[in-house]
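Q: Below is a structure I'd like to ask you about.
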Amino acid sequence: MNPGLFHQNFEIVRADTPELVDIAHQLRYQVYCQEKGFEEAGRFPDRRESDDYDRRAIHSLIRHRSSDIYIGVVRLVLPEVDGADQPLPMEQHCELDLAESHPHLAQLPHHTIGEIYRFSVSKVYRRRAAEEGLIWGVCREGESNYTQFNRRHLPIITLGLIAASFRMCVEHQIHYCYAAMEPTLLRLLRGLGVSFQALGMPVEYHGKRVPAFYSVREMMPKVLGSHAGLRHIYYGPDEDSAHGRLAAV
């Protein structure tokens, strides 16, 4: 994988304005209501998917540069509201007994644990980016821009969302992350070198989900140190000057 491919074509954007947060909710609606049907579209007449966790969450987006289309979104749910610890989505919906199954995790300070949630790339927006951006110029005979876009770009878009998640964790001093992931996403991340620890069998929660855990504090420096592509995405074009001050939360 060409480490520069991500920044040639994409940009990580922190959703730090009302307009960008609105785009994040639109993307979530596109993926979870229309493409996957995990949420009932009729509950969101404004075509923006949201829930109660959004009042203590932050988002990052992936923007396709040449078409100015936002194609990916990831949300980090924070553990505190007004200084008080609150249950995370996985704790509420996956019925885990960590004290019994993973006692070392149950003893972690709750204010250092967040949850990666709503991690997604829209098929529709990938198609629009491929068609409107004309990323590849002239296609090989019988092959569409969208097919080439999927094959070459989906892994680096996923790495972009992981890098965005790491950045948000560092900014908010989140040392550990939960995630309830589709099994296919869990396998994809492992194939890309980011291995979440499964905490139990798949559960039914808006489709099959595997409850999982990741030690950002322990694993992020190791992964960034050994994975040139992810490191380049995380630091951006100034990677050479930034690499010496590898962020550890």
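The values are calculated or read from the model by the stated rules, or taken from the named source; none is laboratory data. Keep in mind that this is a model prediction, so the values were computed, not measured. Neighbour counts are summed over all protein chains in view; Cβ atoms, including those assigned to glycine, are modelled from backbone coordinates with ideal geometry.
Q: Which of the residues that make up segment 50-67 are closer than 22 Å to Ala163 by Cβ, touching a strand residue (DSSP E or B) at 6+ places or on another chain (Cβ under 9 Å) and surrounded by fewer than 17 Cβ atoms within 10 Å (Cβ to Cβ)?
A: Matches in segment 50-67: Arg65 only.
Q: Which number in (1) exposed (fewer than 13 other Cβ atoms within 10 Å of the Cβ); (2) out of contact with any His (no Cβ under 9 Å at 6 or more places or on another chain); (3) touching a residue at least 12 places away in the same chain (Cβ under 8 Å) marks the one condition that Gln92 misses?
A: (3)
Q: Tally up the residues in segment 10-49 that are farther than 23 Å from Ile157 by Cα and surrounded by 12 or more Cβ atoms within 10 Å (Cβ to Cβ), please.
A: Within segment 10-49, residues that are farther than 23 Å from Ile157 by Cα and surrounded by 12 or more Cβ atoms within 10 Å (Cβ to Cβ) number 4.
Q: In segment 158-198, what residues are under 16 Å from Arg217 (Cβ atoms) and of a type in the set (D, E, K, R)?
A: Hits for segment 158-198 are Arg167, Glu171.
Q: Which fully enclosed helices (runs of 4 or more DSSP H) of segment 135-249 have 3 or more residues being touching a Ser or Thr at 6+ places or on another chain (Cβ under 6 Å) and either modelled with pLDDT of 85 or more or more than 15 Å from Leu76 (Cβ to Cβ) (or both)?
A: It comes to none.
Q: I need every pair where a residue in segment 98-110 that is free of Cβ contacts under 8 Å to residues at least 40 places away in the same chain has its Cβ under 7 Å from the Cβ of a residue that is outside any helix (DSSP H, G or I), sequence separation at least 6 or different chains.
A: That search, which allows pairs on different chains as well, returns His110/Pro79; His110/Asp85.
Q: Next question, about the same structure. So Gln86 ticks every box in (1) surrounded by 15 or more Cβ atoms within 10 Å (Cβ to Cβ); (2) closer than 23 Å to Ala163 by Cα; (3) of a type outside the set (Val, Ile, Thr); (4) without any contact (Cβ under 8 Å) to a residue 40 or more places away in the chain but one. Which box is left unticked?
A: So the condition that Gln86 fails would be (2).
Q: A further question follows. Take segment 1-49 and flag every residue that is of a type in the set (Asp, Glu), at pLDDT 95 or above and either touching a His at 6+ places or on another chain (Cβ under 7 Å) or in a loop (DSSP other than H, G, I, E, B) (or both).
A: Asp16, Asp46, Glu49 - these are the residues of segment 1-49 that are of a type in the set (Asp, Glu), at pLDDT 95 or above and either touching a His at 6+ places or on another chain (Cβ under 7 Å) or in a loop (DSSP other than H, G, I, E, B) (or both).
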